[in-house]
Structures are given as structure tokens and as C-alpha cells.
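Colleague: Would you mind keeping the following structure in view while I ask a few things?
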Amino acid sequence: MRKFLIVSHGRMASGIKSSVDVLTGDSSAITAVDSYLDESDYTQEVRSFLEGCAPDDEAIVFTDILGGSVFQRVVQEDLARSGVTHVTGTNLAVVLECLLTPDALTPQTVDGICQTAAGQLKRVEAPVPGSGADATSEKGKGSSADDDFFA
């Protein structure tokens with residue numbers, strides 16, 4: 001069974017879970033922990049998730065910032081003992097791909113998904129009206145497949 005825990009500063013975790021529900025209709029595999037909203041300690045929620053993971057589960061903990069306080073708290077837990085993968089710098093694309101891929105979530109598969117998701121992070125230039133530039137392309141260089149997307 002696939003089980004995902006998203007832990008973030010603020011409400012990013014619940015926002016990603018909400019977006020997954022909107023896009024797929026089912027976010028039941030995801031537990032979201034929004035941290036630092038008050039003085040409460042979220043460590044027990046992380047531990048409960050890890051304790052609920054069976055050896056045959058495909059479990060991933062997603063954190064928001066490499067080296068951040070949430071990341072540091074998660075790496076203090078023994079994820080390897082639980083057989084849980086940790087992905088940091090998370091975004092909606094990586095969570096969706098991990099959720100929807102038909103492939104087993106091996107380290108190699110997760111690495112590939114992370115590379116794909118990272119490749120979707122782009123700076124996009126706004127097109128100049130009347131220039132014919134495509135807003136969905138990098139630096140205004142559209143492909144013919146994108147040209148009629150909004151037509």
C-alpha cells in the first residue's frame with residue numbers, strides 16, 4: 001500500500017493534499033502535517049505515521065525545505081528502519097507522480113520522479129502582446145504542439 005506523509009512549515013502540506021484531491025479525487029493515501037501554526041509539537045504525528053508503515057508498504061515522507069527545521073526533525077527519526085523514503089524540496093508535481101506512477105517506488109524510480117519534477121520548475125517570461133510568443137514556453141520559444149493549446 002502507498003502511504004505518504006507531507007510535513008511542511010505552515011499549511012503547504014494540507015494545500016498539496018487538497019490539490020491532489022481536486023486533481024485525482026482521492027487523497028486518502030496522504031497524511032498532511034502543517035507545522036509551526038502554533039506551539040504544538042508535530043513529532044508524534046511523524047512517529048505515528050512511521051509506526052503505521054508495514055515492511056511491504058511503499059511509504060514516502062515529503063518535506064518542504066532541504067536543511068530546514070521540518071527536514072531536521074524528520075531525519076532524526078529512523079526512516080531506514082521503517083523502510084520509508086524521504087524526499088525534500090517537495091512540490092505538487094513530485095507528490096502526484098509518486099502517487100500515480102504504476103511503477104514500484106524503488107529508490108531509482110523515486111530519483112527519476114524527483115528529476116522530472118525538478119525539471120518542471122522554470123522561469124517563464126510573459127509574452128509581449130502582439131509578438132506571437134507562447135506564454136507556456138521557456139523564454140518565448142513555443143513548440144507547435146503548444147501553439148493551439150488555448151485555441
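Taken together, the values in this text are just the output of simple stated rules run on the coordinates, not laboratory data. Worth saying up front: this structure is predicted, and the values here are computed from it rather than measured. All Cβ positions, glycine included, derive from the backbone under ideal geometry; neighbour counts span all protein chains shown.
Colleague: Could you bin all the Cα-Cα distances of the chain into 5 Å bins starting at 0 and give me the percent of pairs in each, rounded to whole numbers?
Modeller: Distribution as computed: 2, 9, 17, 18, 18, 12, 8, 7, 5, 4, 1, 0 percent.
Colleague: Which residues make up the longest stretch of the chain that has no chymotrypsin sites (Phe, Trp or Tyr not before Pro) in a DSSP loop with at most 13 other Cβ atoms within 10 Å? Walk me through the intermediate numbers first.
Modeller: On the way: sites that count: Tyr36, Phe149, Phe150.
Excluding the exposed sites themselves, the longest stretch runs over 37-148.
Colleague: What is the Cα centroid distance between segment 100-117 and segment 48-69, reported in whole angstrom?
Modeller: If we compute the Cα centre of each part, the gap is 15 Å.
Colleague: Next question. DSSP loop GluC sites (Glu not before Pro) in segment 31-118 with at most 12 other Cβ atoms within 10 Å of their Cβ, which ones? Don't skip to the answer; put the middle values down first.
Modeller: Details: sites: Glu39, Glu45, Glu51, Glu58, Glu77, Glu97; in loops: Glu39, Glu77.
Qualifying residues, ordered by number: Glu39.
Colleague: Could you pull out the trypsin sites (Lys or Arg not before Pro) across segment 63-128 that fall in loop regions by DSSP (anything but H, G, I, E, B) with no more than 11 other Cβ atoms inside 10 Å?
Modeller: Numbers: sites: Arg73, Arg81, Lys122, Arg123; in loops: Lys122, Arg123.
Hits after loop and neighbour filter: Lys122, Arg123.
Colleague: Given H placed on each backbone N at 1.01 Å, which residues far from Ile65 in sequence or on other chains put an amide H within less than 5 Å of it?
Modeller: Placed amide hydrogens put Phe71, Gly89 under 5 Å from Ile65.
Colleague: Follow-up. Show me, for segment 28-37, the HN-Hα J-couplings you get by feeding each phi into the Karplus relation (A = 6.51, B = -1.76, C = 1.60, θ = phi - 60°), rounded to Hz, glycine and proline as x.
Modeller: 5, 7, 10, 10, 10, 10, 8, 9, 6, 7
Colleague: Where does the charge balance sit around Arg11 when Lys and Arg score +1, Asp and Glu -1, over other residues with C-beta under 14 Å from its C-beta?
Modeller: Working: positive: Lys17; negative: Asp34, Asp38, Asp64.
Overall, the nearby charge balance is -2.
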